[in-house]
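Here is the structure we will look at, set down as structure tokens.
The values are calculated or read from the model by the stated rules, or taken from the named source; none is laboratory data. Given the structure is predicted, the values throughout are model-derived calculations rather than measurements. With ideal geometry, Cβ positions are generated from the backbone for all residues, glycine too; neighbour counts draw on all protein chains shown.
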2 protein chains.
Amino acid sequence: MAKSSEPKRKKRNGGTTTSRMRDVARKAGVSVMTVSRALNDPDKVSKEMRLRVRAVVDEIGYVPNRLARSLSSNRSNVIGLIVPSIRNSLFAETIKGISDVLSVNGYHLMIADSGPGLYEEEEAITAFVQQRVAGLVLHNTSHTAAAVDMIAKAKIPVIENGNLTSRPLDSVVSYSNYEASRAMTLHLARMGYKQIAFVSLVRRENDRARERLRGYLAALDELGRKPDDALVLERPSGFSAGAEAVVHLVETVPQVDAIFFAGDVLAVGAVLECQRRGWAVPGRIALASFDDLDMLRHVNPPLTTIRLPRYEIGRRSAECLLDRISGRATERISLDLKFEIIQRESA
Amino acid sequence: MAKSSEPKRKKRNGGTTTSRMRDVARKAGVSVMTVSRALNDPDKVSKEMRLRVRAVVDEIGYVPNRLARSLSSNRSNVIGLIVPSIRNSLFAETIKGISDVLSVNGYHLMIADSGPGLYEEEEAITAFVQQRVAGLVLHNTSHTAAAVDMIAKAKIPVIENGNLTSRPLDSVVSYSNYEASRAMTLHLARMGYKQIAFVSLVRRENDRARERLRGYLAALDELGRKPDDALVLERPSGFSAGAEAVVHLVETVPQVDAIFFAGDVLAVGAVLECQRRGWAVPGRIALASFDDLDMLRHVNPPLTTIRLPRYEIGRRSAECLLDRISGRATERISLDLKFEIIQRESA
DNA sequence: ATTTGTTATGTTACGCGTAACATGGATCGC
DNA sequence: GCGATCCATGTTACGCGTAACATAACAAAT
């Protein structure tokens, strides 16, 4: 029989309050510890006790406080994800992959949109460390020094998944942007295209975009071709930018016979523009894309592209993170989920 | 001078540990309360104290523990969002809107993908209540009884934003799916189309889809036209479904002269299919869509559609939620952000 | 000089749980 | 029959902060 010198609660805004584990304990006539065990570690209490506690929980509608649990046990069930742009539909698959794994395991996902900047990413990381997330998934593979420090000090497991970087912060689950870009360039060359243009995304603060350009240039080099500045553009993501780029290239460099768009939806914008102008694809100009967006298969002609295992990246990232968190795995890993060239009619 | 009968820490896994406010306090030779104030309420401490504390914080790399803060102050800085499908790009804008507002205000976003089911939504809500989120944003406007109870008991402010429901749980920030659908149907009729087909999304457990169908039927009624079962289809979201639907309608109901696709990307799939088949749009068949996806403007011909204020819905939802949380606003609101019919060439 | 504030800081008591250890009784071995 | 074990439950001491109240020091008011 506990003495239960009930502490009066602190402040608490208004009238009724959420019920606490203590309320359940009192009502069931047991200690809070027993309630805690009945809910979280049912094997440690007798069957009738389990039922008694459960009954009270249902009766008063007790909802356990995870914040308190996390604080006390020094273990959180939240994973933080930072993406450069939540608007970009390409992240949706990865998020879904992460989310699916987490929810089965009782974890939750917190998402921050950092924008393209490294400093903003640092701010998002700070926020997550403050929330004491159990793990982090970052899309970027370059970070501010302060961010790196903070993560190291907090000893939070991290998965990077935007690029198969050779110097990961911790573990990496991704594919090689360099290799994918190189492979597509070689593929186009093998198909007989002689003047392959490359439309990059904005490379500033975007290591993925830089890697893709590097892959393209490496391929040209292997082919014994000289890179031509006029054949390399840099454009922001978007349909309009793609449309504008194809027009620009065809009109200023007439000998161009293929364009490899190394980023989102640019190629779709381009193919639609060709359609409008009556330019045959691939007759006049061949087009290739870098992504596995559903849309690419449906435009006319369907676009040759690189399929990236986005869902799988999310899934494996989350699994890997949970393994690290639970201690099932202690080693850093570098997981290459590869890519696949999808040959369609546009090139 | 505090006596500081230092408690030995509980368990804590391994060697080094994250630093605590107490460590900062000791090093600065002050009480933890002073540190807390220096960090969270700088005006309450002297300038030199502020600097001294800040210096120690930087020196030892102290990162405040938000979990502890939330637990102690009984106030969380996390908002929960539940969407039926994170994959659906239409949520991206809304998420961005929410996220933008939250981050300026020091709040964070936790996202759950509930899938289409109501029970899954309830589970997500439970999880969020357990995390003691400060507020909730739900896309669904119908919920299980248990979910409604739980939210009421927890007294968490909620914004629903998938439809301007007349019986909101709490507040609602949205547009009327019914009115939008009705308006487009009337618009098509005004343009002279006589046989307007309607392609719905799957209506089961989707009140938005049901409202849209209701709007279509209401418009027909106003026009004195009889609904024709052959002109109403139900399809899952996707390009292929749209393509299939247009073919099905044109081939089985030859007199159809317009199709209103009341859901995502269906219309895009349809217009691309028409292109492939050489069906003139709108000559043979007019097409209209329900959404403001960027893509719709770029296909050939550009699609007539309904622009929905998705970003704005996110922004206003978050603002409204923060107002409620901070106590700046106490009343439930119902905010209609309207919609706009965008007349393009497809109808 | 005494009262009354004001400002800067400290002290105490929680928030709501869990880890670690303690305890009382039933069970087991020989 | 008696210590060793096990099982179910209780007790205590935190996790890491903040609210509320207390106090010291010094300024302003009467």
Within region B:246-255, identify whether any single residue is in contact with a Cys (Cβ under 7 Å, 6 or more places away or on another chain) and either exposed (fewer than 15 other Cβ atoms within 10 Å of the Cβ) or not in a loop (DSSP other than H, G, I, E, B) (or both), and answer yes or no. yes
Considering only region A:282-302, I want to know if a residue exists there that is over 21 Å from A:T185 (Cα atoms), of a type in the set (K, R) and modelled with pLDDT under 95. no
Would you say A:R204 is surrounded by fewer than 19 Cβ atoms within 10 Å (Cβ to Cβ), over 29 Å from A:A318 (Cβ atoms) and not small (G, A, S)? yes
From (1) within 14 Å of chain B (Cβ to nearest Cβ); (2) of a type outside the set (D, E, K, R); (3) under 21 Å from the mean Cα position of the chain (by Cα); (4) surrounded by 21 or more Cβ atoms within 10 Å (Cβ to Cβ), pick out the condition that doesn't hold for A:S346. (3)
Just name the residue that is farthest from B:R276 (Cα to Cα) out of those in region A:261-284 that are more than 14 Å from every other protein chain (Cβ to nearest Cβ) and out of contact with any helix residue (DSSP H, G or I) (no Cβ under 6 Å at 6 or more places or on another chain). A:G263
Let me confirm something: among B:I156, B:I95, B:I86, which residue is assigned to a helix (DSSP H, G or I) and within 12 Å of chain A (Cβ to nearest Cβ)? B:I95
From the residues in region B:232-245 that are surrounded by fewer than 21 Cβ atoms within 10 Å (Cβ to Cβ) and assigned to a helix (DSSP H, G or I), which one is farthest from the chain's Cα centre (by Cα)? B:E244
Among the residues of region A:27-67, which ones are part of a helix (DSSP H, G or I), within 11 Å of DNA strand C (Cβ to nearest atom) and surrounded by fewer than 17 Cβ atoms within 10 Å (Cβ to Cβ)? A:V32, A:M33, A:N40, A:K44
Residues of region A:37-76 classified as within 14 Å of chain B (Cβ to nearest Cβ) and either near DNA strand D (Cβ under 9 Å from one of its atoms) or within 25 Å of B:V148 (Cβ to Cβ) (or both), total: 19
Out of all the residues in region A:136-150, which are surrounded by 22 or more Cβ atoms within 10 Å (Cβ to Cβ) and over 13 Å from the mean Cα position of the chain (by Cα)? A:A147
Those residues of region A:102-115 which are farther than 18 Å from A:N140 by Cβ and surrounded by 21 or more Cβ atoms within 10 Å (Cβ to Cβ) amount to A:L102, A:Y107, A:H108
Number of the condition not met by A:Q195 [criteria: (1) in contact with a Gly (Cβ under 6 Å, 6 or more places away or on another chain); (2) in contact (Cβ under 8 Å) with a residue 60 or more places away in the chain; (3) not small (G, A, S)]: (1)
Residues in region B:132-153 that are at the interface with another protein chain (Cβ under 10 Å from one of its Cβ atoms) and touching a Leu at 6+ places or on another chain (Cβ under 7 Å) total 1
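Being within 19 Å of B:P157 (Cβ to Cβ), modelled with pLDDT of 95 or more and assigned to a strand (DSSP E or B) narrows it down to one of B:L102, B:L136, so name that one. Explain how you work it out, then say what you get.
Values: B:L102 fails: assigned to a strand (DSSP E or B).
B:L136 is the lone residue from the list that is within 19 Å of B:P157 (Cβ to Cβ), modelled with pLDDT of 95 or more and assigned to a strand (DSSP E or B).
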Pick out the one residue from A:S76, A:S99, A:S85 that is farther than 14 Å from B:I111 by Cα, crowded, with 22+ Cβ neighbours inside 10 Å and hydroxyl-bearing (S, T, Y). A:S76
Read through the list (1) within 16 Å of DNA strand D (Cβ to nearest atom); (2) part of a helix (DSSP H, G or I); (3) more than 7 Å from chain B (Cβ to nearest Cβ), then give the number of the only condition that A:E122 fails. (1)
Consider only pairs whose beta carbons are under 8 Å apart and that are at least six residues apart or on different chains; among these, list those whose first residue lies in region A:32-58 and is closer than 17 Å to A:S19 by Cα and whose second residue is among the polar types (S, T, N, Q) and within 11 Å of DNA strand C (Cβ to nearest atom). A:V53/A:T34
Find all pairs meeting these conditions: Cβ atoms under 7 angstrom apart; at least six residues apart or on different chains; first residue within region B:231-248 and within 16 Å of B:V271 (Cβ to Cβ) and away from every other protein chain (no Cβ under 13 Å); second residue acidic (D, E) and buried (at least 20 other Cβ atoms within 10 Å of the Cβ). B:V247/B:E273
Could you tell me whether B:I325 is within 30 Å of B:L81 (Cα to Cα), within 14 Å of chain A (Cβ to nearest Cβ) and aliphatic (A, V, I, L, M)? yes
Can you confirm whether region B:169-190 contains a residue that is in contact with a Phe, Trp or Tyr (Cβ under 6 Å, 6 or more places away or on another chain), farther than 14 Å from B:L220 by Cα, at pLDDT 95 or above and in a loop (DSSP other than H, G, I, E, B)? yes
Across region A:98-112, the tally of residues that are more than 9 Å from chain B (Cβ to nearest Cβ) and more than 10 Å from the chain's Cα centre (by Cα) stands at 5
